[in-house]
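See structure below.
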Amino acid sequence: MRQGGDRCTHAPLISASKLPRLLAVLTCAVLLPVIPFVLIGELPGERWLRASGDDALVFGLTGAALLALDVLLPIPSSVIGALLGARLGFFAGFGWTLLGLLSGHLVGYWLGRLVPSRWASELPRAPSLWAVFLSRPVPVLAEAVAVAAGAERVTFGSFVATCAAGDGIYAAVLAADGAAWLPAGLGAAGLAVPMLLPVVAWSVWRLVVRRRLTRGAA
């Protein structure tokens, strides 16, 4: 019988047979912000945010809502966070980005909790808190981790605390990137961080999983 909580399992969240397909999806997701910028000079999500007008509150709410929906829709969270920092400044951009990211994590968690316990065995094993902490910048993986955590009844308090820490760092980096580069018209330089963050987070997560597996086999 499975037990909930913040326990860690040694089984990898992603099987080796599915890894090439996931890497292909991640590559496409990472390149998503670049294609429209190169072709039409506009970042994904920029038009939606621009439609909110000059009201900073509406702009922040729109950005946070888009980030919260990222668990269900293919929304480039890194670009939205950078645009919030560019328009609202670091502190306000950080606050709205963190609110949206954390809300998206919670939506995924509670969607997972809706899965009946008898079906949970068909889903990936419960992720470790390291996976929860590192996964947010990585498209697809972040949503899978949140849903799996809910389905496996990972302790809610541990999940929220870990998400808040990981989302806080991610939100700070995005807001700082947007506030520093985009208002100056340096869009190409500003895109570097949204492109590199998923790669770095994915690499660190794989390293943590590999070390845990090696330690468990010893």
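Read-outs throughout are calculated quantities, based only on the coordinates presented, and are distinct from any laboratory measurement. Since the model is a prediction, treat every value here as computed from it, not as a measurement. Don't worry about glycine lacking a Cβ; one is built from the backbone with ideal geometry, like all the others, and counts go over all protein chains shown.
Among R87, R113, which comes first, then next, by fewest other beta-carbon atoms within 10 Å?
Ordered by Cβ neighbours within 10 Å, fewest first: R113, R87.
Within a 10 angstrom radius of the beta carbon, how do I80, I75, I169 rank from fewest other beta carbons to most?
Fewest-to-most Cβ neighbours within 10 Å comes out as I169, I75, I80.
Please work out how much length the chain gains when fully extended from I169 to L73, using 0.36 nm per residue of separation minus the C-alpha to C-alpha distance, in nm with one decimal.
32.3 nm
If you take the beta carbon distance between R212 and V160 as r and set R0 to 25 Å, what does 1/(1 + (r/R0)^6) give as a FRET efficiency, to the nearest 0.05?
0.65
What ranking do T62, T155 get, fewest neighbouring Cβ atoms within 10 angstrom at the top?
Placing the least packed residue first, the sequence is T155, T62.
Relative to the present Cα-Cα distance, how much length would full extension add between W110 and D55 at 0.36 nm per residue of separation?
16.6 nm
So what's the net charge close to H105: Lys and Arg +1, Asp and Glu -1, counting the other residues with Cβ under 10 Å from its Cβ?
Counting the neighbours of H105, the net charge comes to -2.
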